[in-house]
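Undergrad: Dumping the structure here so I can ask a few things about it.
The values are calculated or read from the model by the stated rules, or taken from the named source; none is laboratory data. Please read all numbers here as calculations on a predicted model, not as lab measurements. Every residue, glycine as well, gets a Cβ built from its backbone with ideal geometry; the counts of neighbours run over all protein chains shown.
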Ligand code: 4AD
Ligand code: MG
């Protein structure tokens, strides 16, 4: 609607008839006329419509209740009312679709939990309109960021037969009935297949040919963790660069996060204002924090010393050889460094087979990018490009080189140092909007026990 008004204003004087369509937010009847608040989700603002008694079609007014859809023809005029520049004086009005009194989205504020139960209607609420306009613009900003830097977009497969992360959290895809393991060769692909947990291995093959590539697609993890930051289906952006080491990888990751925060501030200003007012007072401060402060880089071992020396009681123990938990990550970025933080050189034992082993043989060239409010938004690494070392890594993790023959081949023919990372799109949206639960930044959340819509 606002988009419509903008368009009309740009075209010059808003003379002549315009047609507006949308859903009724409210209707107020006064003596001799009615006000309708019509919203079409193209922006925050609703359009105020003034319908005089006797306007053609006005006999449908009693049916224009909250949630009904309507079409109004009229003239856009400067509005005498506060808080809006324009209103529409109706010359004809029509009901498009009824909404009964049981329409669940009434004017009063609803809890996020309630809105999740009506996920098919929540796009009509202010909050979800704002979240999903933001999501759309940020998706565009992701492509722009990589396209401007000559990265090639690769659509990696959703069905795969290899476990990239080696964590065994894969959803099986099968056409078999009954005992799935009795004869896997009889399955559709002739062997067990799964929904991908990451497009990385495939992206690496393209980077080792096109140099700089990125993927942007859905990934699936059958982790049984019902937290506010884990989804079973989420979108990941995975750039991969040939002729690149860990330092180059960290530099790109940090630049990327800053670019997204800047895009949020500049291209979603109305939405940001709304999030700041109604969702999280601190959201803009955290954005500025990430845009303005240089990233701090710290090796895992040093991060551990900081945590151990913090005097803090953490719910999860801080121990060498364990993954950092989000409370640890948040302490590092929010309290210790007071800056966004990149932790690197993690213990080899807690990381997947593809990461490049450092000279100490104990750590790998891995990195995680941490931001306030969330913790890890990016995980990445330099990849093991040495054939013998990669084969050793596979063996160490109980994986068969034969199952990864094509991946191993990259190390046999013109192997090059290369590196990349994965950014969880929903995690970064949580950071940018201040929305505290991953279920509320994805159109239809898939979490354990829940895939209704
Ligand atoms: O750290 P992860 O597991 O790394 C990878 O998958 C690598 N293959 C990436 C690469 O190097 N190309 O996942 C990357 C990011 C995490 O930092 C997090 O933001 C997000 O994906 N993520 C999830 N987001 C939502 N729900 C989940 N269950 C997630 N698991 C990971
Ligand atoms: Mg990770």
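Undergrad: In segment 164-185, is there at least one residue being part of a helix (DSSP H, G or I), more than 16 Å from ligand 1 (Cβ to nearest atom) and exposed (fewer than 12 other Cβ atoms within 10 Å of the Cβ)?
TA: At the first step, the residues of segment 164-185 found to be part of a helix (DSSP H, G or I) are 184-185.
Restricting the remaining residues to those that are more than 16 Å from ligand 1 (Cβ to nearest atom) gives 184-185.
Then keep just the ones that are exposed (fewer than 12 other Cβ atoms within 10 Å of the Cβ); that gives 185.
The answer is yes, given that some residue of segment 164-185 is part of a helix (DSSP H, G or I), more than 16 Å from ligand 1 (Cβ to nearest atom) and exposed (fewer than 12 other Cβ atoms within 10 Å of the Cβ).
Undergrad: Mind checking which residues of segment 231-251 are within 18 Å of residue 298 (Cβ to Cβ) and either within 16 Å of ligand 2 (Cβ to nearest atom) or crowded, with 22+ Cβ neighbours inside 10 Å (or both)?
TA: Within segment 231-251, 246, 249, 250 qualify.
Undergrad: If we keep just the residues of segment 377-387 that are within 21 Å of residue 245 (Cβ to Cβ) and within 16 Å of ligand 1 (Cβ to nearest atom), which is surrounded by the fewest Cβ atoms within 10 Å (Cβ to Cβ)? Quick ask: steps written out before the conclusion?
TA: Taking segment 377-387 first, the residues within 21 Å of residue 245 (Cβ to Cβ) are 378-387.
Next, from what is left, pick out any that are within 16 Å of ligand 1 (Cβ to nearest atom): 378-385.
Numbers: 378: 25, 379: 20, 380: 27, 381: 24, 382: 27, 383: 28, 384: 24, 385: 18.
Among those that are within 21 Å of residue 245 (Cβ to Cβ) and within 16 Å of ligand 1 (Cβ to nearest atom), it is 385.
Undergrad: Here are some conditions: (1) under 22 Å from the mean Cα position of the chain (by Cα); (2) closer than 30 Å to residue 164 by Cα; (3) in a helix (DSSP H, G or I). Residue 234 meets all but one. Which one does it not meet?
TA: (3)
Undergrad: Among what's in segment 420-450 and is within 16 Å of ligand 2 (Cβ to nearest atom) and part of a strand (DSSP E or B), pick the residue that is farthest from residue 132 (Cα to Cα).
TA: Looking at residues that are within 16 Å of ligand 2 (Cβ to nearest atom) and part of a strand (DSSP E or B), I get 420.
Undergrad: So which of 139, 167 ends up being touching a residue at least 12 places away in the same chain (Cβ under 8 Å) and within 16 Å of ligand 2 (Cβ to nearest atom)? Write out each step before concluding.
TA: Numbers: 139 fails: within 16 Å of ligand 2 (Cβ to nearest atom).
Result: 167 is the single residue among 139, 167 that is touching a residue at least 12 places away in the same chain (Cβ under 8 Å) and within 16 Å of ligand 2 (Cβ to nearest atom).
Undergrad: Just checking: which of the helices (runs of 4 or more DSSP H) contained wholly in segment 260-366 hold 3 or more residues that are under 22 Å from the mean Cα position of the chain (by Cα) and on the phi < 0 side of the Ramachandran plot? Write out each step before concluding.
TA: Values: elements: 269-278, 283-292, 300-308, 326-330.
Here the list reads 269-278, 283-292, 326-330.
Undergrad: Same structure again: Looking at residue 4, is it within 23 Å of residue 130 (Cβ to Cβ), surrounded by 16 or more Cβ atoms within 10 Å (Cβ to Cβ), modelled with pLDDT under 95 and out of contact with any strand residue (DSSP E or B) (no Cβ under 7 Å at 6 or more places or on another chain)?
TA: Details: within 23 Å of residue 130 (Cβ to Cβ): yes; surrounded by 16 or more Cβ atoms within 10 Å (Cβ to Cβ): yes; modelled with pLDDT under 95: yes; out of contact with any strand residue (DSSP E or B) (no Cβ under 7 Å at 6 or more places or on another chain): no.
No, not satisfied.
Undergrad: Please state which one of 372, 401 is touching a helix residue (DSSP H, G or I) at 6+ places or on another chain (Cβ under 6 Å), more than 16 Å from ligand 2 (Cβ to nearest atom), over 22 Å from residue 238 (Cα atoms) and at pLDDT below 95.
TA: Working: 372 fails: over 22 Å from residue 238 (Cα atoms).
Only one candidate passes the filter, namely 401.
Undergrad: For segment 237-252, which positions are more than 10 Å from ligand 1 (Cβ to nearest atom) and in a strand (DSSP E or B)?
TA: Looking only at segment 237-252, we keep the residues that are more than 10 Å from ligand 1 (Cβ to nearest atom), and these are 241-248, 250-252.
Correct list: 241, 242.
Undergrad: Out of 213, 197, report the one residue that is outside any helix (DSSP H, G or I) and within 22 Å of residue 148 (Cα to Cα).
TA: Values: 197 fails: within 22 Å of residue 148 (Cα to Cα).
Answer to the selection: 213.
Matching residues to (1) at pLDDT 95 or above; (2) more than 22 Å from the chain's Cα centre (by Cα); (3) surrounded by 14 or more Cβ atoms within 10 Å (Cβ to Cβ):
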{"position": "142", "(1), (2), (3)": "yes, no, yes"}
{"position": "150", "(1), (2), (3)": "yes, yes, no"}
{"position": "196", "(1), (2), (3)": "yes, no, yes"}
{"position": "206", "(1), (2), (3)": "yes, yes, yes"}
{"position": "210", "(1), (2), (3)": "yes, yes, yes"}
{"position": "214", "(1), (2), (3)": "yes, no, yes"}
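Undergrad: Please work out if residue 371 is touching a residue at least 40 places away in the same chain (Cβ under 8 Å), crowded, with 24+ Cβ neighbours inside 10 Å and within 9 Å of ligand 1 (Cβ to nearest atom). Talk me through it step by step, then tell me what you get.
TA: On the way: touching a residue at least 40 places away in the same chain (Cβ under 8 Å): yes; crowded, with 24+ Cβ neighbours inside 10 Å: yes; within 9 Å of ligand 1 (Cβ to nearest atom): no.
Judged against the criteria, residue 371 is not a match.
Undergrad: Condition first: within 14 Å of ligand 1 (Cβ to nearest atom), out of contact with any strand residue (DSSP E or B) (no Cβ under 6 Å at 6 or more places or on another chain) and assigned to a loop (DSSP other than H, G, I, E, B). Can you find one or more residues in segment 409-419 that meet it? Please lay out each step first, then the result.
TA: Here is the first cut: in segment 409-419, the residues within 14 Å of ligand 1 (Cβ to nearest atom) are 418-419.
Now drop any that are not out of contact with any strand residue (DSSP E or B) (no Cβ under 6 Å at 6 or more places or on another chain), which leaves none.
No, that holds for no residue.
Undergrad: Turning to a different aspect of this structure: Does residue 333 fit the bill of being within 25 Å of residue 399 (Cα to Cα) and surrounded by 13 or more Cβ atoms within 10 Å (Cβ to Cβ)? Before you say what the answer is, go through the steps one by one.
TA: On the way: within 25 Å of residue 399 (Cα to Cα): no; surrounded by 13 or more Cβ atoms within 10 Å (Cβ to Cβ): yes.
No; evaluated as a whole, the condition is false for this residue.
Undergrad: Separate question: Considering only residues that are assigned to a loop (DSSP other than H, G, I, E, B), exposed (fewer than 13 other Cβ atoms within 10 Å of the Cβ) and either without any contact (Cβ under 8 Å) to a residue 12 or more places away in the chain or touching a helix residue (DSSP H, G or I) at 6+ places or on another chain (Cβ under 8 Å) (or both), which ones fall in segment 104-133?
TA: Residues satisfying the conditions are 108, 109, 111.
Undergrad: Go through the residues of segment 380-398 one by one and say whether even a single one is within 16 Å of ligand 2 (Cβ to nearest atom), without any contact (Cβ under 8 Å) to a residue 40 or more places away in the chain and in a helix (DSSP H, G or I).
TA: Looking for residues that are within 16 Å of ligand 2 (Cβ to nearest atom), without any contact (Cβ under 8 Å) to a residue 40 or more places away in the chain and in a helix (DSSP H, G or I), one finds none in segment 380-398, hence no.
Undergrad: Still on this structure: For residue 155, state whether it is modelled with pLDDT of 95 or more, within 16 Å of ligand 1 (Cβ to nearest atom), touching a strand residue (DSSP E or B) at 6+ places or on another chain (Cβ under 8 Å) and closer than 30 Å to residue 407 by Cα. Before the answer, list the steps.
TA: On the way: modelled with pLDDT of 95 or more: yes; within 16 Å of ligand 1 (Cβ to nearest atom): yes; touching a strand residue (DSSP E or B) at 6+ places or on another chain (Cβ under 8 Å): yes; closer than 30 Å to residue 407 by Cα: yes.
So residue 155 passes the test.
Undergrad: Something else: Between 429, 390, which is within 14 Å of ligand 1 (Cβ to nearest atom) and buried (at least 23 other Cβ atoms within 10 Å of the Cβ)?
TA: On the way: 390 fails: within 14 Å of ligand 1 (Cβ to nearest atom).
Exactly one residue qualifies, and that residue is 429.
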